[in-house]
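The values are calculated or read from the model by the stated rules, or taken from the named source; none is laboratory data. All figures in this text were calculated on a predicted structure; none of them were measured in a lab. Neighbour counts run over all protein chains shown; Cβ positions are idealised from the backbone, glycine included.
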């Protein structure tokens, strides 16, 4: 009987989690190789400090949107790498090229990611159109 009650409780938790995360998502493609996804993400940026050399895993550089900031805000990547921003805040954000590039995520709900592939060496400055220049960063793309 106790095992059956634990099973029912576990199933109820899974159903609630499915409802909570099922509404996130959507995506669009703008300015080349970009996309948004609704992958589940565990916030980690509260432990991270600003850096221009974040870890690169399989050609993907992670940037968090945390406390209305991009963490790290300024990064260096190689041509061909992908930058992936994840909204770890409780409010919507955008990732929008201001100069040196052309991309725009549209509104990203909490937990949603946005990807952009670096194809041209140079510097791309970007910001959140919702929060303005207080939430901005730069990507330096090298050969």
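With a requirement of 2 or more residues that are more than 22 Å from residue 59 (Cα to Cα), the strands (runs of 3 or more DSSP E) lying completely within the range 89-143 that satisfy it span 96-99, 122-128, 132-142. Here residue 112 fits the description: within 17 Å of the chain's Cα centre (by Cα) and more than 19 Å from residue 77 (Cβ to Cβ). Mind checking which residues of the range 78-100 are touching a residue at least 60 places away in the same chain (Cβ under 8 Å) and closer than 12 Å to residue 137 by Cβ? Hit for the range 78-100 is 97, nothing else.
Report, by residue number, each residue of the range 98-114 that is in contact with a strand residue (DSSP E or B) (Cβ under 6 Å, 6 or more places away or on another chain) and crowded, with 19+ Cβ neighbours inside 10 Å. If you could, list the steps in order and put the result at the bottom.
So the first thing to find is which residues in the range 98-114 are in contact with a strand residue (DSSP E or B) (Cβ under 6 Å, 6 or more places away or on another chain), and the list is 98-101, 103-105, 108, 110, 112-114.
Across the range 98-114, the qualifying residues are 101, 103, 105, 108, 112, 113, 114.
Looking across the range 33-87, the residues that are in contact with a strand residue (DSSP E or B) (Cβ under 9 Å, 6 or more places away or on another chain), over 19 Å from residue 105 (Cβ atoms) and either in a strand (DSSP E or B) or modelled with pLDDT of 95 or more (or both) come down to 56, 76, 78, 79, 80.
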